[in-house]
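Notes follow once the structure below has been shown.
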Amino acid sequence: MVADWEWDDTLFSGTAAYYERGRLPYAPGLADALAEALRLDGRGRLIDVGCGPGTIALRLAHLFGEIVGVDPDGGMIAEAARGAADRGVADKSRWVRARAEALPAGLGTFSVAVFGQSFHWMDRDPVAATVRDMLRPGGALVHISDLKTEVRTVDGLPYPAVPCTAVDELVRRYLGPVRRAGRGVLPRGTPGGEAEVFARAGFTGPRRLVVPGGQALERSVDDVVAWVFSMSFSAPHLFGGRRDDFEADLRRLLREASASGRFSERGPSTEVFVWGKGPSAG
């Protein structure tokens with residue numbers, strides 16, 4: 001875990017309802033890329049660890065016989081269950097409210113385990129080792145995130161970019177200069193070095209895939225507000241009694257940045273690392 005910080009159940013409290021609207025989508029070709037890389041055929045079991053509102057698991061549901069999502073936030077689990085019902089896959093999905101550290105939790109074995117921008121919140125070494133034990137022979141762990149190194153501009157698009165720097169400054173005005181995370185703070189951010197953690201756990205690889213994004217997206221003021229409230233460091237509960245004041249200031253800032261109330265963005269590319277279970281020790 002991050003030094004001097006402990007996970008608590010308020011980390012994403014109140015953010016679940018904002019996810020689908022606020023978060024930018026993964027690259028459109030993600031499911032096809034994983035189907036090809038992992039030779040998925042509609043059978044097998046997927047576990048999405050730190051599944052949030054089911055963003056990845058639901059997108060991959062057609063590639064598996066069963067999907068299981070695990071997340072410690074009750075709001076996220078409720079949103080995932082609603083999403084499964086809306087997509088007609090409730091009969092092949094299961095949503096479990098639990099921390100990753102509580103695995104295996106009697107959930108059985110899986111052909112694929114996915115972490116979608118969630119692994120950095122966990123006690124990573126024991127979680128990686130446990131998940132490896134939960135994979136069937138030949139199984140894979142897939143680590144998915146936005147591609148952090150690309151530069152995305154709105155050149156040629158009809159609306160201005162989201163004023164991210166000004167939004168960050170507004171958040172800091174209300175919540176202070178140090179990044180908030182649940183009841184604690186993360187002065188140095190979340191940890192990296194996932195490759196070393198997976199290697200220590202006995203995984204082999206990885207194979208790296210980049211699924212291209214770049215698609216033009218149009219975002220409303222409501223979309224951007226949802227994005228802000230979907231983030232752990234600006235979760236609604238952190239503002240306490242000043243939440244309404246913050247939202248009013250945020251909306252004012254956004255209207256000043258775009259007279260039309262519209263913003264342009266480009267979808268991020270998605271970076272995927274595929275790790276093999278590798279041979280058993282001994």
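The values are calculated or read from the model by the stated rules, or taken from the named source; none is laboratory data. Here the structure is a predicted model, which is why all the values come from computation and not from measurement. No Cβ is skipped: glycine too gets one built from the backbone with ideal geometry, and neighbour counts run over all protein chains shown. What goes into the accessible areas is simple: the full protein's heavy atoms, side chains included, and nothing from ligands, DNA or RNA. Shrake-Rupley method; radii C 1.70, N 1.55, O 1.52, S 1.80 Å.
Summary of computed values
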{"item": "Trypsin sites (Lys or Arg not before Pro) restricted to segment 12-80 and DSSP loop, no more than 14 other C-beta within 10 Å", "result": "39, 43"}
{"item": "Cα principal axis extents for segment 147-186, largest first, Å", "result": "41, 23, 13"}
{"item": "Cβ-Cβ FRET estimate between residue 10 and residue 164, R0 fixed at 35 Å, reported to 0.05", "result": "0.90"}
{"item": "Spatial extent of segment 3-77: Rg and Dmax, with the Cα atoms as the point set, Å", "result": "14.4, 44"}
{"item": "Three-way shape call for segment 13-54 based on the alpha-carbon gyration tensor, with the a/c threshold at 1.5", "result": "oblate"}
{"item": "Calculated FRET efficiency for the pair residue 92/residue 222, C-beta based, R₀ 30 Å, to 0.05", "result": "0.40"}
{"item": "Segment 110-193, dipole about Cα centre (Lys/Arg Cβ +1, Asp/Glu Cβ -1), debye to the nearest 20", "result": "300 debye"}
{"item": "Considering only the chain, percent of DSSP beta bridges that pair antiparallel, nearest 5", "result": "50 percent"}
{"item": "Magnitude of the charge dipole, the chain, Cβ model with Lys/Arg +1 and Asp/Glu -1, debye to 20", "result": "280 debye"}
{"item": "Over segment 36-130, equivalent-ellipsoid semi-axes from the Cα gyration tensor in Å", "result": "19, 16, 11"}
{"item": "Residue list for segment 36-52, given a label point 7 angstrom along the Cα-to-Cβ vector of residue 136 and an amide N cut-off under 15 Å", "result": "38-47"}
{"item": "Tensor-based shape of segment 143-282 (alpha-carbon gyration tensor, a/c under 1.5 rounded, otherwise prolate or oblate)", "result": "oblate"}
{"item": "Heavy-atom accessible surface of segment 50-205: percent carbon and sulfur, 1.4 Å", "result": "51 percent"}
{"item": "Charged-residue dipole, Cβ positions (Lys, Arg, Asp, Glu), segment 1-146 about Cα centre, Debye nearest 20", "result": "560 debye"}
{"item": "Gap separating the Cα centres of segment 224-264 and segment 15-75, nearest whole Å", "result": "27 Å"}
{"item": "222 nm mean residue ellipticity, helices alone, for the chain (DSSP H n ≥ 4; -39,500 (n - 2.57); rounded to 500)", "result": "-9000 deg cm²/dmol"}
{"item": "Contour minus Cα-Cα distance for residue 120 and residue 151 (0.36 nm per residue)", "result": "8.9 nm"}
